[in-house]
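Presented below is the structure to which this report refers.
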Amino acid sequence: MKIINFDHNASTQVSPSVLAAINATYGYGANSSSTHTLGRKAAMLIETVREDLRDVVNGQNYEIYFTSGGTEANNTALFQDFDKIFMAKFEHSSVYNARPQNCEIVEIEIKENGEVDLSDLSEKLKNANSKNFLVTIMHANNETGVIQPIKEAAKLTHQYGGLIHSDMVQSFGKIKVDLEDLNIDFATVSSHKINGPQGVGAILVRRGIDIKPLIFGGGHENGKRSGTLNNAGIAGFGEALKTFDEKFAKLQKVRELRDFIESEIKKIASDDVKFFGQNANRTANTSYFALRGADSQTQLIHFDLKGIMISAGSACSSGTTKASRVLKAMKADPEFSNAIRISLSVDNTKEEALVFLEALKEYYQKIKK
Ligand code: PLP
């Protein structure tokens, strides 16, 4: 059975060139802290990737610390001895559950269109009574794809004397990220959402901000993240960064395919379907919708039996399909609470879309009965 991958917000396949970069680095297997020739070769490779990463996000004024992925980068930003953390209610669990002791967490409301409510943020910042606070708002939501007003949130945060972090795992490689323009203090990126390997990510920290490490040891990464670096993973990450221009050039094609799928779903289910985040600015590849009366488990099984990979809400929790915190925050109608997320890549085709739509029609007819 041909597998159709409509679940690229969960992870992506590494491309042959990324695999080749990983293999080449494993091929000489040196520790980038070693002073011999191969150690220096590995260290040089890592510095090249660090520079390439700075280039793709306009991050010349940021220090970059490589991590084991987006989760660790998010935790690093949050565990910095802040008095208060203001976090949007729709944050990924690697932010939402990263709650340091002795730190007050203030949750920020979400509007029905899937955007963070900046007036709620503003109101809560007014009463912050602290200058030692962090605001954390993701750049694009992993379930809805809705792109958030980070630049405005950064302005507000700085006005009240705090720092701002953005989890950019889902915007990175899907829209152009310009850290200088957004004016944020910390950013999280992850390699496996951009056709790089899993287990690699980075936190970008504005120069001049001193962070304390989460992991202690031999003092790697300037003492901010100890542990032998994942050279091969970082090499693969670096190779994946080289595909950004190609990805951006194909965004329109991805958007057209997503819009085609949504319009066909509307034809199939009419008033029995609700799309989430459709009235906001979204990443081109993501569609999030629910059929009236659908059941989370059975719909996933239905598509899986046909070889179609999709997600029910956030897939990152451990294979569970519990109700989406994001939809709850958006005050979605409970009749439409068992949502499906499809997330495309530049390689998905119209033929695949037609197979998916046929499967959806079948499922819809089943629940209608
Ligand atoms: N943040 C967001 C928005 C994500 O979608 C994910 C993964 O799904 C993460 C963070 C976690 O990143 P990683 O899997 O690299 O730990």
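The values are calculated or read from the model by the stated rules, or taken from the named source; none is laboratory data. As the structure is a computational prediction, the values presented were derived from the model and not from experiment. All Cβ positions, glycine included, derive from the backbone under ideal geometry; neighbour counts span all protein chains shown. These accessible areas exclude ligands, DNA and RNA; they are computed on the full protein's heavy atoms, side chains included. Shrake-Rupley method; radii C 1.70, N 1.55, O 1.52, S 1.80 Å.
Available extension along the chain between ASN113 and LYS176 is 20.5 nm, counting 0.36 nm per residue and deducting the alpha carbon span. Taking a ≥ b ≥ c as the square roots of the eigenvalues of the alpha-carbon gyration tensor, the range 115-241 is classed oblate because a/c is 1.5 or more while a/b is no larger than b/c. Greater than 20 Å separation of Cα atoms is the criterion. Which listed pairs, LYS89/LYS193; LYS89/LYS224; LYS111/LYS151, meet it? Check vs 20 Å cut-off fails for LYS89/LYS193; LYS89/LYS224.
Whole Å is fine, so just give me how far the alpha carbon centre of the range 48-86 lies from that of the range 244-304. After rounding, the separation between the Cα centres reads 30 Å. Let me make sure I get this right: for the chain, a, b and c are the square roots of the gyration tensor eigenvalues over alpha carbons, sorted descending. Under 1.5 in a/c it's rounded, otherwise prolate if a/b > b/c, else oblate. Which is it? Oblate. Can you list the lysines whose alpha carbon sits under 21 Å from that of LYS350, skipping same-chain ones fewer than 8 residues off? Partners found: LYS2, LYS174, LYS247, LYS250, LYS253, LYS266, LYS267, LYS306, LYS361. Maximal additional length on extending the SER122-ASP52 stretch stands at 21.7 nm, based on 0.36 nm per residue less the C-alpha distance. The residues of the range 113-156 present an accessible area of 35 Å² per residue when probed at 1.4 Å with all protein chains retained. Charges were assigned to the Cβ only: +1 to each Lys and Arg, -1 to each Asp and Glu. The resulting dipole of the range 213-354 about its Cα centre is roughly 420 debye.
Working from Cα positions, state the angle (0 to 90°, nearest 10) between the long axis of helix 150-159 and the longest principal axis of the chain. So the inclination is approximately 50 degrees.
For the range 199-308, applying the loop criterion from DSSP together with a ceiling of 11 other beta carbons within 10 Å to the chymotrypsin sites (Phe, Trp or Tyr not before Pro) yields PHE216. Among the trypsin sites (Lys or Arg not before Pro) in the range 116-218, those located in a DSSP loop and surrounded by at most 16 other Cβ atoms within 10 Å of their own Cβ are LYS131, LYS176, ARG207.
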